[in-house]
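First the structure, in the form of structure tokens, and then the observations on it.
The values are calculated or read from the model by the stated rules, or taken from the named source; none is laboratory data. Since the structure is predicted, the reported quantities are computational estimates derived from the model, not experimental observations. Heads up, the Cβs are rebuilt from the backbone with ideal geometry, glycines too, and the neighbour counts pull from every protein chain shown.
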Ligand SMILES: Cc1cc2nc3c(=O)[nH]c(=O)nc-3n(C[C@H](O)[C@H](O)[C@H](O)COP(=O)(O)OP(=O)(O)OC[C@H]3O[C@@H](n4cnc5c(N)ncnc54)[C@H](O)[C@@H]3O)c2cc1C
């Protein structure tokens, strides 16, 4: 294999590569790594100057850890500070249950790692940057797509990306294939003109840190009451020590009203759902420390055009329900690489190859999004707050319906509907 960089820097403002990936999130970095290790020239554009951003989701599910093993990156992965979790508890109306138990999985990794996503991405990017055919342009923001007019005069093939580089200057990157992996607000997807179907979501998420009180119960992911649902993700980092990355579900579009009611009412709502946070709740004394994350579920009706493919949240925005969006983004990247690598090796990528990638991933995505929509209906309704069954029905659900399904739940959440293996 000839040694070459992921792109040829022709003039400082014009570059040429084989695959240009817009977005350095889980989908984009993983796809870049997989293509580069197969010797395909790939350039990834990430609009931020680093990966250090909050609210990216922290869950690395068993299927993704299996892929890390396949990539031979286990040592690098273990070197990142993480919390290993085998069972995920939820407290529903005060009753502790363990709906998810990955130890029931029959093969592969049987735990989930909670790890800040910026550390995970930095680990993958470091591995990719060791490969000669990989280029990562940090601070490079795509603003549009390049199109080649066909012989018939129609703008019918996407041939690269227009971006603003980290120095503020424009860049054009010509590519045989352009991948939109730039997440829920994808600029590349918008520029492609592909049609999106939106599935209404009744919730938004408030995202904030809570220090760990001296006395805390076993790690619990979700607290669900009649009025809200909260998530407490145990984290540890040098700047903050041990803390809970905390999320509260609110009815969509009501953050201004929540704020108007004042911090005291907000503290009371937190303690009502998660009583053990009472000693530390007053440390949250500024609304600037509470981030509003808008939740969406949507899906492209078609994921590709000649020279163009969308993957990850750019093709199908996932909600935080079950914490599977990162893993679905990564599974898309693996499925795409499994089809693209042999296609590039045997002469080039046609739209049929891109359609095959969509066919492979559309069904597992659709099934998981439909579970997420059902989960939203369970915890939120348009009048606000939760929509939980009565105490009697809930007990029935928790004690009779869920236990025999725990193996299936572990499989569906831990591995997804169609777990992918890296083939090249
Ligand atoms: C509140 C909330 C919490 C969540 N929690 C979890 C969780 O715990 N676990 C989980 O698995 N999933 C979670 N999800 C879902 C998860 O965040 C997504 O499904 C997942 O991040 C999708 O990965 P991606 O690579 O497709 O896109 P993203 O992670 O969104 O990455 C896209 C990347 O593209 C970059 N980018 C954007 N525009 C441009 C541009 N114009 N040019 C260049 N770069 C650009 C962005 O900076 C970003 O780095 C959560 C979602 C929400 C809304």
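Can you find a residue that is part of a strand (DSSP E or B) and free of Cβ contacts under 8 Å to residues at least 60 places away in the same chain anywhere in the stretch 170-180? No: zero hits. Residues in the stretch 290-304 that are more than 12 Å from the ligand (Cβ to nearest atom) and touching a helix residue (DSSP H, G or I) at 6+ places or on another chain (Cβ under 6 Å): 303, 304.
Every condition in (1) buried (at least 24 other Cβ atoms within 10 Å of the Cβ); (2) assigned to a loop (DSSP other than H, G, I, E, B); (3) out of contact with any strand residue (DSSP E or B) (no Cβ under 8 Å at 6 or more places or on another chain) holds for residue 279 except the one numbered (1).
The one condition from (1) surrounded by 14 or more Cβ atoms within 10 Å (Cβ to Cβ); (2) away from the ligand (no atom under 15 Å from the Cβ) that residue 328 does not meet is (2).
Of the residues making up the stretch 308-318, none is away from the ligand (no atom under 16 Å from the Cβ), over 30 Å from residue 215 (Cα atoms), out of contact with any helix residue (DSSP H, G or I) (no Cβ under 6 Å at 6 or more places or on another chain) and touching a residue at least 60 places away in the same chain (Cβ under 8 Å). The criterion of being within 12 Å of the ligand (Cβ to nearest atom), in contact with a strand residue (DSSP E or B) (Cβ under 7 Å, 6 or more places away or on another chain), more than 25 Å from residue 100 (Cβ to Cβ) and at pLDDT 95 or above does not hold for residue 192. Among the residues of the stretch 233-241, is there at least one that is more than 16 Å from the ligand (Cβ to nearest atom), surrounded by fewer than 18 Cβ atoms within 10 Å (Cβ to Cβ), assigned to a loop (DSSP other than H, G, I, E, B) and touching a residue at least 60 places away in the same chain (Cβ under 8 Å)? Taking every residue of the stretch 233-241 in turn, none turns out to be more than 16 Å from the ligand (Cβ to nearest atom), surrounded by fewer than 18 Cβ atoms within 10 Å (Cβ to Cβ), assigned to a loop (DSSP other than H, G, I, E, B) and touching a residue at least 60 places away in the same chain (Cβ under 8 Å).
Any idea how many residues of the stretch 67-84 are surrounded by fewer than 19 Cβ atoms within 10 Å (Cβ to Cβ) and either within 18 Å of the chain's Cα centre (by Cα) or on the phi > 0 side of the Ramachandran plot (or both)? Break it down stepwise before answering.
We begin by selecting, within the stretch 67-84, every residue surrounded by fewer than 19 Cβ atoms within 10 Å (Cβ to Cβ); these are 69-76, 78-81, 83-84.
Adding the requirement that they be either within 18 Å of the chain's Cα centre (by Cα) or on the phi > 0 side of the Ramachandran plot (or both) leaves 72.
Qualifying residue count, the stretch 67-84: 1.
Here residue 157 fulfils each of the conditions (1) at pLDDT below 95; (2) in a loop (DSSP other than H, G, I, E, B) apart from (2). Of all residues in the stretch 181-205, count the ones that are in a loop (DSSP other than H, G, I, E, B) and either surrounded by fewer than 17 Cβ atoms within 10 Å (Cβ to Cβ) or touching a helix residue (DSSP H, G or I) at 6+ places or on another chain (Cβ under 9 Å) (or both). Adding up the residues that qualify gives 11. Consider residue 145 carefully, then state whether it is within 30 Å of residue 301 (Cα to Cα), in contact with a helix residue (DSSP H, G or I) (Cβ under 6 Å, 6 or more places away or on another chain), part of a strand (DSSP E or B) and touching a residue at least 24 places away in the same chain (Cβ under 8 Å). When the stated conditions are applied, residue 145 passes them.
Restrict the check to the stretch 332-344 and report whether at least one residue is under 17 Å from the mean Cα position of the chain (by Cα), outside any loop (DSSP other than H, G, I, E, B), closer than 18 Å to residue 296 by Cα and within 16 Å of the ligand (Cβ to nearest atom).
Going residue by residue through the stretch 332-344, those that are under 17 Å from the mean Cα position of the chain (by Cα) are 332-336.
When the remaining residues are screened for being outside any loop (DSSP other than H, G, I, E, B), the result is 332-336.
With closer than 18 Å to residue 296 by Cα added as a condition, the list becomes none.
The answer is no; no qualifying residue exists.
Filtering the stretch 75-84 to residues that are out of contact with any helix residue (DSSP H, G or I) (no Cβ under 6 Å at 6 or more places or on another chain), closer than 24 Å to residue 34 by Cα and outside any loop (DSSP other than H, G, I, E, B) leaves 75, 78. Residues in the stretch 85-123 that are at pLDDT 90 or above, buried (at least 20 other Cβ atoms within 10 Å of the Cβ) and assigned to a helix (DSSP H, G or I): 102, 120, 121.
Pick from 40, 68: which is touching a strand residue (DSSP E or B) at 6+ places or on another chain (Cβ under 9 Å), more than 14 Å from the ligand (Cβ to nearest atom), in a loop (DSSP other than H, G, I, E, B) and within 24 Å of residue 180 (Cα to Cα)? Show your work before the answer.
Values: 68 fails: in a loop (DSSP other than H, G, I, E, B).
Exactly one of 40, 68 is touching a strand residue (DSSP E or B) at 6+ places or on another chain (Cβ under 9 Å), more than 14 Å from the ligand (Cβ to nearest atom), in a loop (DSSP other than H, G, I, E, B) and within 24 Å of residue 180 (Cα to Cα), namely 40.
Restricting the stretch 43-56 to residues that are within 10 Å of the ligand (Cβ to nearest atom) and either surrounded by 21 or more Cβ atoms within 10 Å (Cβ to Cβ) or in a helix (DSSP H, G or I) (or both), which is modelled with the lowest pLDDT? This residue is 51.
Checking each residue in the stretch 71-90 for being more than 15 Å from the ligand (Cβ to nearest atom) and more than 17 Å from residue 108 (Cα to Cα) picks out 76, 79, 80, 81, 89.
Tell me, yes or no, whether the stretch 206-215 has at least one residue that is assigned to a loop (DSSP other than H, G, I, E, B) and either crowded, with 17+ Cβ neighbours inside 10 Å or within 16 Å of the ligand (Cβ to nearest atom) (or both). Yes, some residue in the stretch 206-215 is assigned to a loop (DSSP other than H, G, I, E, B) and either crowded, with 17+ Cβ neighbours inside 10 Å or within 16 Å of the ligand (Cβ to nearest atom) (or both). Of all residue pairs spaced 6 or more apart or on separate chains, those with beta-carbon atoms under 7 Å, a first member in the stretch 98-120 that is on the phi > 0 side of the Ramachandran plot and a second member that is buried (at least 16 other Cβ atoms within 10 Å of the Cβ) and at pLDDT 90 or above are 108/62; 108/66.
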